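Undergrad: Structure in structure tokens, see below.
The values are calculated or read from the model by the stated rules, or taken from the named source; none is laboratory data. Just so it is clear, the structure is predicted and the values come from calculations on it, not from any experiment. Methodologically, a virtual Cβ is constructed for each residue, glycine included, from the backbone with ideal geometry; neighbour enumeration extends over all protein chains shown. Side chains included, ligands, DNA and RNA excluded: accessible areas come from the protein's heavy atoms. Shrake-Rupley method; radii C 1.70, N 1.55, O 1.52, S 1.80 Å.
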Amino acid sequence: MTAPQPEGTEATKSPGIEYFPKSKPWRMADGALHLLGMRCPHCGAKAFPARSVCHACGRDDGMETVELVPTGTLYSFAEIHAAPKGFPTPYVIGFVDLDDGVRLLGQVEHRAAELGMDEKVQLVEGVIRTRGDGTKVVSYKFRRRSS
Amino acid sequence: MMNNAYVAGVGMTRFCKMPERSFEEIGQEAVLKALKDAGVERDAIEEVFCGSALTGRSMGQRVLRDLGMTGRPITNVENACSSGSTALREACTAIAAGRAETVLVLGIDQLTRLGGGTIPGVETDLDPNLGMVMPALYAMRARRYMQETGATRVHLAKVAVKAHEGGQLNPYAQFRNPVTVEEVLASRMVADPFSLLMCCPTGDGAAAAVVTTKKKAAALGKKLIRVAGTALQSGLYKPGFRDLTRSELTERTAKLAYEQAGIGPEDVDLAEIHDAFVIAELMYYEALGFCPPGGAPAFLESGATRINGSKPVNPSGGLLCRGHPVGATGIAQVCEAVWHLRGEAGERQVEGAKVALTHCTGGGVSGLDHGSCAINILVA
């Protein structure tokens, strides 16, 4: 069973590019990436990706699709040197707590030696892996905030 | 109601890479050893529970067919790293329910069939698609743990050194060599801050146990070893902040297991815990109540968890050194516990052990601490 995907912007099919998740549940605005997540109108819980049942209170009516904030704090990270085919080793992944409370895992656009714990980061769009036929997989990832 | 099952016999293969053997043959070796150890004929087995995670379907039937042991109820159990431990819990339930008196539990996996590397993630889940691998999940725990407690990579390396102290005395272990802190730190990087020797190896193996009633166990003439507690929990979903330096899931499962057994962490004479990666051992010292939160690095350095220490942990070498054929691990821990409780553990014997705890937890599911955790407490 696959989770219901949020109604995002129509995935634009460019040659040699695919998006993950396929529904491309984000919007670009002012150079930042705004993920589309769930907000429960009954208890206020938020989650990503969007879904039709609230994991917190169990209600299954009226779940809203909302933009999550594009900024957050890097909780921890690891630099991966052994990975499945197509991932650009070495690469860094990290857990980021967005400023509105949702935690995301994603690739971070820096080497581990350049990063510190609790750094402020923002969401951006970028290539996360390359498939055997050369197709680039584009998703959300993190970049240090320049400010 | 769950604590009237007794382990009458155990047996396992060595854990190592065995690509030349079929998994059926590997499983059969463990089954035959357990039956022989218990002193029961195959016809005495009324039900079978088989835990495996990554090798195939209908594993119990495939292993037992050529032993002429199909025809009775066989339940195949998949619960990631806790598959074998979960199968033991189900066997205890079958006995407690009065449905069977003598039950065979098998744990098995053959990871060399997967072609090496990290265990593949599940493709519908978010994290593996974004580049998550299991070593990285634990590496992120480790980095945060080091930040908050002041632990260093040397502490992490010392966990591996201790694992190899046990493993070199264990004829069933995948690695039987001692290692130094320097060698662990210098092994190739897998997921910074983890080098290769800070991660459990991939390998193959099977372990089996015969579980029965007190009356039957007594009649078999073996030392009585009771499953005094058997607890299973699953991870709670948190789409937001989670303290990755603690294992809420293991804490919750341990509380249930201790309550069932009527004991506390101070009563545990030896523990076989899920040290899939070095940080896991430190975190689980704390989650199982062996030392206070943040106290694990000092507890390790005190020598308490070495074979001759006050709280021996993983005298077998643990997952880091004995190896981790996923579904087999929980029952291999039970084998190790039984050998110590009987005084049959040879050079790595924990003297006078009367209470043993086995702990498995794993299954990478995005948003959960882990998929599951299973803890069994065996009392002689």
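Undergrad: Quote the FRET efficiency, to the nearest 0.05, computed for B:K354 versus B:F241 with a Förster distance R0 of 35 Å and r equal to the Cβ-Cβ distance.
TA: 0.30
Undergrad: Any idea how far the Cα center of the stretch B:164-204 sits from the one of the stretch B:287-338, in Å?
TA: Cα centroid of the stretch B:164-204 versus Cα centroid of the stretch B:287-338: 15 Å apart.
Undergrad: How big is the charge dipole of chain B about its Cα centre, in debye rounded to the nearest 20, if each Lys and Arg gets +1 on its Cβ and each Asp and Glu gets -1 on its Cβ?
TA: Computed about the Cα centre, the dipole is about 420 debye.
Undergrad: Which order do A:K136, A:K24 take when ranked by solvent-accessible area (1.4 Å probe, heavy atoms of all protein chains), largest first?
TA: From most accessible down to least: A:K136, A:K24.
Undergrad: How many Å² of accessible surface get buried when A and B come together, counting both sides, probe radius 1.4 Å, rounded to the nearest 100?
TA: 2700
Undergrad: Highest GNM mean-square fluctuation, chain B, Cα pairs closer than 10 Å: which of B:A304, B:A219, B:A80?
TA: Checking each option, the largest mean-square fluctuation is seen for B:A219.
Undergrad: Another question, if that's okay. Taking the simple approach of a point 7 Å from Cα along Cα-to-Cβ for both B:N308 and B:K214, what is their distance in nm?
TA: 3.8
Undergrad: Here is a further query. Mind checking the dipole of the stretch B:178-282: about its Cα centre, +1 per Lys or Arg Cβ, -1 per Asp or Glu Cβ, Debye to the nearest 20?
TA: 820
Undergrad: On to the next question. Among A:M28, B:L137, A:G44, flag the residue with its Cα farthest along the positive direction of the charge dipole of the protein assembly as shown, charges on Cβ as +1 for Lys/Arg and -1 for Asp/Glu.
TA: The one lying farthest along the dipole's positive direction is B:L137.
Undergrad: To the nearest 10 degrees, how steeply does helix B:329-342 sit against the main Cα axis of chain B, on a 0 to 90 scale?
TA: Compared with the principal axis, the helix lies near 70 degrees.
Undergrad: If you don't mind, another one. Calculated FRET efficiency, B:R42 and B:E266, Cβ-Cβ r, R0 45 Å, to nearest 0.05?
TA: That pair, B:R42 with B:E266, gives E of 0.65.
Undergrad: Further question: B:G294's amide H: which non-local residues (gap 5+, or another chain) put their own amide H closer than 5 Å, with H modeled 1.01 Å from N in plane and none for Pro or chain starts?
TA: When sequence neighbours closer than 5 places are left aside, there are no close amide H contacts.
Undergrad: Which lysines have a Cα lying under 25 Å from the Cα of A:K24, excluding residues fewer than 8 positions away in the same chain?
TA: A:K13, A:K46, A:K85, A:K120, A:K136, A:K141, B:K238
Undergrad: Using Cα pairs under 8 angstrom and six or more residues apart, how large is the relative contact order of the stretch A:17-144, in percent?
TA: 23
Undergrad: Which whole-number percentage describes the relative contact order of chain B, with Cα contacts under 8 Å and a sequence gap of 6 or more?
TA: This gives 27 percent for chain B.
Undergrad: May I ask you to list the aspartates and glutamates whose Cα is less than 20 Å away from that of B:K33, ignoring any residue fewer than eight positions away on the same chain?
TA: The reachable aspartates and glutamates, counting only those whose Cα sits under 20 Å from B:K33, are B:E24, B:E25, B:E41, B:D43, B:E46, B:E47, B:D66, B:E101, B:D109, B:D204, B:E336, B:E344.
Undergrad: Rolling a 1.4 Å sphere over the protein heavy atoms, what is the accessible area per residue of the stretch A:17-144, to the nearest Å²?
TA: 41
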